[in-house]
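Participant: Take a look at the following structure, please.
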Amino acid sequence: MNRHLLSSADLSRDDVETILATAESMHDVQKRDVKKIPTLRGRTIINLFFEDSTRTRSSFEIAGKWMSADTINITGKGSSTSKGESLRDTVRTIDAMAVDALVIRHHASGACQQVAQWVDASVINAGDGTHEHPTQALLDAYALRNRIGDLDGRHVAIVGDLTHSRVFRSNVITLGRLGAHVTVVAPPTLMPSGIADWSKTDGFAASWDLDEVLEGGGTHGPVDAVMMLRVQRERMSGGYFPTAREYTVTYGLTRERMRRLTAANPDVAILHPGPMNRGLEIAADVADSPNAVVLDQVSAGVAVRMAVLYHLLSGETGEAA
Amino acid sequence: MKTLVKGARLLGGQAADLLIDGDRIVEVGSLSPDGDTGVVDADGLVALPGLVDLHVHLREPGREDAETVATGAEAAAAGGFTAILAMANTTPVTDTAEAANHVYDLGRATHLVDVQPVGAVTKALAGEELAELGLMARSRARVRVFSDDGHCVADARVMRRALEYVKAFGGVISQHAQDPRLAGPDACAHESELSGRLGLAGWPGIAEESIVARDVMLARHTGSRVHIAHVSTAGSVEVIRWAKAQGVEVTAEVTPHHLLLTHDLLSSYDPVWKVNPPLRPEEDVRALREGLADGTIDAVATDHAPHARHDKEHAFVDAAPGMLGLETALGVVSEVMVRGGLLDWAGVARVMSVNPARIARLDGHGQPLAAGSPANLTLVDPTATWTVDRDASHSLSRNNPWHGHTLTGRVVATFIRGACSARDGHALIPELVGGPL
């Protein structure tokens, strides 16, 4: 496995399988009364968050702490431009303190890839702009597999603001690695440019018609799971869609859509990376329904991040705990 | 003092000798030196009228850590230029006669190249009120080219008034064509599958083309002259070709980087590839080359845009846009257009000297290599192959996209008003300009 985790594309199917297997044993640790294991004792991990985050930052922090690493959080909102310091200077300053890993969240796409060229530490992408969020895709795969089993040949629909979603960009890769079929659904204004060629090259389907996909009438047939993406209300002022009401009617996972979905497949899994806009992209009942995997995703977050830190920092493969 | 340039192929054609006396070419033919004449052996070299660059950023006043007029002038001389137009987006902005004269005087003091200030179209480049266009035109600097470059004159009414107003003194508006509603401040990558995959905000060709289309119609309506800066898409070339066929007074420039580099370089997220307008796909590059070859695009202009390292070493979207270009322009044009079979050396003279001088109304530049012309000339070795080294540069900045590129065709010497200003890539220090060779 590479020293860095910058993109989901850095991980082969074997890498993903290895991380998810390690995450299983980490998940067992999580269920113990005493959660601390000595695996990363003496290692220093910096969570460098240039952009707000609650769940990703806290789950990386817990992951490091449970593995006995020293974890430090550095947060700085806004671009480093505004502070008069270049990104390179900022990260090299931190790297000079002989840290082992930099977990980076940045508002700019590609920031982690750039940083990896400037520092000696391992760089883990905790979300870079609208580019990627590889650990999110791993935890989604983990939670989904625990719910519906092997993903080979299974059909996952990803619905929402694809243009601005790093979750979509990483998930389409990782789900693909695990053999799942993916259909992405959004209005044309929230589809990234070039999606037609992109989806063809990478073997996923793209649709503007949510009902057709949910009813199994799309390229990949009936769905086994639906991942709803957060739609920011600011997108309306950007003219991406007219009103929240219209968005919900056309692309929301409403109670009515959920009823039809469970009628066809009672075991359908509903994912959402959070934070949810209840009533906009997902109805409150749906978010709380037994089909929802949302809290499993959060819970998996710690175990999966422990597994990622373990494989990147220990340079070993196999059982850890 | 007299200088005899011996055996240069004039515009790549017949070899001839050029006798320079003072600041003029006085004789062209088969000549022998007399006693006090310095001789430059130009056997195998191509002689071009001194190159003229319609579009450079010199950063002085305001950001002298990135470039000064003096260092920019050195880079220009080394790159074969005898005149450069310095864009107005300095601090303060060149939007008054005083500011224009300041840049002009700094340029004169270099003795290396004529630095002609470009005036802002609007006050502080804000796009709202006209700057003192007439006073800049009447100043010692005799400003004729006006541009808010870095910003588009987006308001159609402001653009219309500016086009009309500069007619009174033969001015031209050089438009940075970028509809800010279609390509906002975060737009930094050609809108395409690649920008989608990279998660970089798209800068679609239409944001340029819609402004080009609007402005050629405004030029037709007002009977004014409009110049399109750094044309980057096939669609813009098409619109300009159509407008020229209608008799619209439109001219256009293309940068060396848009003639060779393509947007796939952005997958590294290395900000050295960040430039505005962004690098485009192969099909646009092809159309730009064809447009330059068939005369739709009049000129090559570098958009030389030096930036301090700490302004480039940010995340891609946050990094300053722009690339160096003065020292490499001739090499890139030689590589792409001459060796690519699209232009001969007379064509290079047209797009890098004659046309830009005409567009900017610089009477002393872009003149024929003939007796009576000002002795502004550039000697080029068309077969010299060299590898660009960003550290071997006169510029204070290092954002050089050509670092490591091997180019064939290199400037050997530059003469401004009879004085040698650069030899073999090295500008002469001002005290030595005009001294013995």
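Participant: Against the conditions (1) surrounded by fewer than 24 Cβ atoms within 10 Å (Cβ to Cβ); (2) touching a residue at least 40 places away in the same chain (Cβ under 8 Å); (3) among the polar types (S, T, N, Q), where does A:Gln117 fall short? Just the number, please.
Facilitator: Failed condition: (2).
Participant: Please list, ordered by residue number, the strands (runs of 3 or more DSSP E) wholly in region B:4-43 having 2 or more residues that are surrounded by fewer than 16 Cβ atoms within 10 Å (Cβ to Cβ) and over 30 Å from the mean Cα position of the chain (by Cα).
Facilitator: Answer list for region B:4-43: B:37-41.
Participant: Confirm whether B:Asp284 is within 14 Å of chain A (Cβ to nearest Cβ) and of a type in the set (Asp, Glu).
Facilitator: no
Participant: Suppose the filter is more than 14 Å from chain A (Cβ to nearest Cβ) and among the hydrophobic types (A, V, I, L, M, F, W, C); does B:Ala320 pass it?
Facilitator: no
Participant: Let me confirm something: among B:Asp298, B:Asp303, which residue is buried (at least 24 other Cβ atoms within 10 Å of the Cβ), in contact with a helix residue (DSSP H, G or I) (Cβ under 7 Å, 6 or more places away or on another chain), away from chain A (no Cβ under 14 Å) and of a type outside the set (Ser, Thr, Tyr)?
Facilitator: None of the others qualify; the one that does is B:Asp298.
Participant: Return yes or no: is A:Val223 in the same structural domain as A:Arg169 (by TED's automatic domain parsing), in a loop (DSSP other than H, G, I, E, B), touching a helix residue (DSSP H, G or I) at 6+ places or on another chain (Cβ under 9 Å) and more than 15 Å from A:Leu175 (Cβ to Cβ)?
Facilitator: Judged against the criteria, A:Val223 is not a match.
Participant: Does A:Arg305 meet the test of being basic (Lys, Arg) and in the same structural domain as A:Asp140 (by TED's automatic domain parsing)?
Facilitator: no
Participant: What's the total number of residues in region A:204-240 that are surrounded by fewer than 17 Cβ atoms within 10 Å (Cβ to Cβ), within 14 Å of chain B (Cβ to nearest Cβ) and either of a type in the set (A, V, I, L, M) or under 23 Å from the mean Cα position of the chain (by Cα) (or both)?
Facilitator: 1
Participant: Now a separate question. Report whether or not A:Gly76 is out of contact with any Cys (no Cβ under 6 Å at 6 or more places or on another chain), touching a residue at least 60 places away in the same chain (Cβ under 8 Å) and small (Gly, Ala, Ser).
Facilitator: No; evaluated as a whole, the condition is false for this residue.
Participant: Okay, moving on. A:Arg177 passes all but one of (1) within 12 Å of B:Gly199 (Cβ to Cβ); (2) surrounded by fewer than 22 Cβ atoms within 10 Å (Cβ to Cβ); which number fails?
Facilitator: Exception for A:Arg177: condition (1).
Participant: So for region A:206-214 (the condition being touching an Asp or Glu at 6+ places or on another chain (Cβ under 9 Å) and modelled with pLDDT of 95 or more), does at least one residue qualify?
Facilitator: no
The values are calculated or read from the model by the stated rules, or taken from the named source; none is laboratory data. No experiment lies behind these values; they were computed from the predicted model shown. Here the Cβ is made from the backbone with ideal geometry for all residues, glycine too, and neighbour counts use every protein chain on show.
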